[in-house]
Amino acid sequence: MQSSLRAISLLILLIFLCSITVYSGVLKGKVTDEAGAGMPYAAVFLDGTTVGTTTNASGEYLMNVPAGLCKVVCHFIGYEQNTIVIDMPESGIVLRDFVLHPQLLEMRAVDVHANAEDPAYEIIRRTIAKRKEHLEQAKTFQASLYLKTVGRSRSLPDKFMGQKIKTPDLDVDSLGRGVLYLAEEYADYYASGEKESTVIKSVTESGNSSGLGLAKLPPVISFYKNNVKLFSPRGSVSPIAENAFYYYKYKYLGQFEEKGHIIDKVMVVPKRQFEPCFGGTIFIDEDGYWIHSLDLTLPKSTGVDLFDTLKITQMYLPNGKGLRVIKSQLIYVAAKIFAFDITGTLSALYENPKINEPIPDSIFKSKLEGSYDKNAIRNDTAYWNQNRPVPLQSDELKNFKVQDSLNKIVENPHYADSVRKKQNKVKAVDLLLMGKTLNGPEYKDRLSTRSLLGISNYNIVEGFNLAPRITWRHTSDTGHNWFLTNAARYGFSNTHFNDILRLYYTSDDRSWQTRRWLAGIEGGRYVFQYNSDNPVYPIMNTLSALFLRESDLKIYERWEGTAFAERRFGNGFTAYARLSWQRRLPLDNTTSFSFASTNDVTFLSNVPSHLTQITDWKTNDAMLFHASLAWQAGYRYIQYPKFKTPIPGKYPKITFTYDKGIPDVFGSISNFDKYKVAVTGNAMLNLLGSLSYKLAVGGFLNSAYVSIPDLDHPYG
């Protein structure tokens, strides 16, 4: 009895010492399995606390440990915990390696008969029963967070679409293997219900001295929710969702004891292919039926957007108050696109987690989803070497050195000018497929042209036609730009040449992205669709007309002189006004050429007959005024060190438009007043996907004279 009391007293004393002593020593080493292989992303932490770190992909770790006697625990999913007692000095480095052994699992006694249920089902059933309670127990969550984001290539092509890929500024070997992106961040993370906010304390990005990393860090992915949204708005079914038994099969793999807790290991298997379900293992703590840890994968067959594989690993630790809180979260993705083979990891380490403690009012009242300290990007290499909780791998260390050296070269004005001159060289592939952009000194001027493929079209009004477009942009000052665009067009069947010129000026708010003024003029003659939203893509109409003998493109010509202005407030509100004089000219079909056989199928008229029954269609002059106001509620923001960026809300956008046909001005015969109110948005339906919608209502307050171009054309 006395020995037990002494052991308990010693444990309490160790925990007490670890909690009050100042962090002064550094513990580092490597975690390996029995064969000596490094254990990636294993947890190393002080016993009885959530203070600790994780290993890197090679199994190496380092952590600050208070001076004195402390117990340090090493844990990896599927392996037995290893605990050591260390007498840490007041300063210096202590080397300690951990060797982990596979977890020996015990099988619980079960009844054996023909229809016996696997014990995993009862474990999952009880976990589902506690799911909602656990989800609601953590009403608020806050923690310090270290995130490392790494993008790697397993193979890269030498060239893609004529562009050289393996350039000297990429840290890859001859096979295209290497680090493509590397960033580290320290942040404070806050969550309350569906609201999240992140404050970036420090960030470094390899090869980019002003790199900002990720402003919105990956949230803690909660599998206590029925629908788990991991890089997909559709989401996937949690293995412990309310209806999980409809989607999953389970297999009991055994159990083990950890600190007096019985931990069950359960294999999770989707019942059917092509459904958004995870596969892998989940560990359940029977004391409360908490998630202890998990290792789950979503293959491409589940409909994962962009990726071939998406994997998530999580580890939870007791917080001493009867709850389990997140300690580490690793998200791994892999994708093969054309000849590119890319992987990415986002490894997050959570420190000082707080559950249901007050969050400062300023965190969510400011509508900020993320913000940066003013000095977040000013920390040097010495700072990161001293404070980094997870050691970098050898290729990551090399990447920082290589990219930082290259960055000094890239920032040299002479180098930037030489790159500009090299990029200005015109190649045949640019003219045929890509288009070309030429940049002037210091990138103050830019001239852009479309490719031959992009300017070639066919329709039954103009026949084969060429529509080249050249745009010149001049930057007079940061955020102040002039744009001049000339669009020409020639139809080989109707032999019409058109040309229109647009000149406009933009003034962007340096401190608030998307907040801008725009004003300009436009004049000339060109071909337009009846619906100003241009719903019919010329390339698609070209293919359907040539190979299917179907043409949906309905166009007319017009002369015009227009002045317009727009104000974007950057908070979901936009105002636009336009005044124009137009001369509108009907166009008729001039060719019926098609590679498709006739089969008594002829092209329809360029002017649908039902429109001519509504109003006459003849050459007419019109003086027109257009105004619109658009608003979307629920905007939130990210505050970078020097500017703010808005994030559109989940609410629909409401747009009100008013059009006026002004008679008796410069020969105008138009005389109408038209209004429209439209609501557009996306409704997220979880597993059913999303629903994009546009609802509109409108009409004419006055319709004394309305020409066909002034009607609403919802079908193009």
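The values are calculated or read from the model by the stated rules, or taken from the named source; none is laboratory data. Computed from a predicted model, the values in this text were never measured in an experiment. Here the Cβ is made from the backbone with ideal geometry for all residues, glycine too, and neighbour counts use every protein chain on show. Ligands, DNA and RNA are stripped out before the accessible areas are found, and what is left, the full protein with its side chains, is counted by its heavy atoms. Shrake-Rupley method; radii C 1.70, N 1.55, O 1.52, S 1.80 Å.
Bridge orientation summary for region 26-102: considering DSSP beta bridges with both residues in this region, about 80 percent are antiparallel.
In this calculation the C-beta distance from residue 470 to residue 548 is compared with R0 = 35 Å, giving a FRET efficiency of 0.60.
Each Cα pair of region 66-169 feeds into the Kirkwood radius, which the Stokes-Einstein equation turns, at 10 °C and 1.306 mPa s, into a diffusion coefficient of 75 µm²/s. Between amide H atoms placed 1.01 Å from N, distances below 5 Å from residue 202 occur with 186, all of them 5 or more places distant or on a separate chain. Within the assembled protein chains, the solvent-accessible surface assigned to residue 34 is about 120 Å², based on a 1.4 Å probe. Surface composition of the chain: carbon plus sulfur atoms contribute 58% of the solvent-accessible area (1.4 Å probe, protein chains only, all chains present).
Ranked by solvent-accessible area (1.4 Å probe, protein heavy atoms only, all chains present), the residues 460, 409, 359 order from largest to smallest as 409, 359, 460.
Counting 0.36 nm for each residue step from residue 337 to residue 81 and taking away their Cα separation leaves a gain of 88.2 nm. Counting charges near residue 32 (Lys, Arg +1; Asp, Glu -1) among other residues having Cβ under 15 Å from its Cβ returns a value of -2. Whole-Hz Karplus values for region 647-654 come out as 10, x, x, 8, 7, x, 8, 10 Hz, taken residue by residue from phi with 6.51 cos²θ - 1.76 cosθ + 1.60 and θ = phi - 60°; glycine and proline positions read x. The residues 324, 446, 584, sorted by heavy-atom accessible surface at 1.4 Å with ligands and nucleic acids left out, run 446, 324, 584 from largest to smallest. In plain terms, if you count all Cα to Cα distances in region 219-281 and split them into 10 Å steps from zero, the share in each step is 21, 45, 27, 7 percent. Rounded to the nearest 20, the size of the Cβ-charge dipole of the chain about its Cα centre is 1220 debye, with Lys and Arg at +1 and Asp and Glu at -1. Rolled with a 1.4 Å probe across the full set of protein chains, the surface gives residue 75 an accessible area near 0 Å². Using C-alpha pairs under 8 Å with a sequence gap of at least 6, the mean separation divided by the residue count of the chain gives a relative contact order of 9 percent. Each Lys or Arg adds one and each Asp or Glu subtracts one; over the other residues with Cβ under 15 Å from the Cβ of residue 227, this totals +2.
Solvent-accessible surface of region 434-473, taken per residue with a 1.4 Å probe and all protein chains present: 49 Å².
Recomputing Rg and Dmax of the Cα atoms in Å from the coordinates shown identifies the correct label among (1) 35.7, 129; (2) 35.3, 139; (3) 32.2, 108 as (3).
Note on region 491-539: the C-alpha convex hull projects to 5.5 nm² when averaged across all orientations. Each residue was assigned an accessible area with a 1.4 Å probe, and for residue 532 the value is about 100 Å².
From helices alone, the chain scores -4000 deg cm²/dmol at 222 nm; the rule is -39500 (n - 2.57) for each run of n ≥ 4 DSSP H residues, then divide by the residue total. These residues, 492, 245, go from largest to smallest accessible area, 1.4 Å probe, as 492, 245. On full extension, the segment bounded by residue 125 and residue 99 gains 5.9 nm, given 0.36 nm per residue less the C-alpha separation. Per-residue Karplus couplings for region 131-146, computed as 6.51 cos²θ - 1.76 cosθ + 1.60 with θ equal to phi - 60°, are listed in order as 4, 5, 4, 5, 5, 8, 5, 9, 6, 9, 8, 8, 6, 7, 9, 10 Hz, Gly and Pro entered as x.
Once backbone amide H atoms are built at 1.01 Å from N, residue 512 has 644 as its partners under 5 Å, excluding neighbours fewer than 5 places away on the same chain. Cross-link partners for residue 271 among the lysines, with Cα-Cα distance under 30 Å and sequence neighbours closer than 8 places in the same chain left out: 130, 132, 225, 229, 249, 251, 300, 311, 336.
With bins 5 Å wide beginning at 0, the percent of Cα pairs of region 581-716 falling in each bin runs 2, 8, 12, 13, 12, 11, 10, 11, 10, 6, 3, 1, 0, 0. Each Lys or Arg adds one and each Asp or Glu takes one away; over the other residues whose Cβ falls under 12 Å from the Cβ of residue 461, this sums to -1.
Using θ = phi - 60° in the Karplus curve 6.51 cos²θ - 1.76 cosθ + 1.60, the 3J(HN,Hα) couplings for region 76-88 round to 9, 4, x, 10, 5, 5, 10, 10, 10, 9, 10, 9, 6 Hz; x is entered for Gly and Pro. Note on residue 90 and residue 354: with the Förster distance fixed at 35 Å, the Cβ-Cβ geometry gives a FRET efficiency of about 0.75.
The amide H of residue 690, built 1.01 Å from its N in the peptide plane, has 685 as neighbours under 5 Å, considering only residues 5 or more places off or on other chains. Distance between the C-alpha centres of region 256-286 and region 415-466: 55 Å, rounded to the whole angstrom. Taking the DSSP bridge list for the chain and keeping only pairs wholly inside it, about 95 percent are antiparallel. Given 10 Å bins starting at zero, what is the percent of C-alpha pairs of region 642-688 in each, up to the one with the largest pair distance? The percentages, shortest bin first, are 19, 24, 23, 18, 14, 3.
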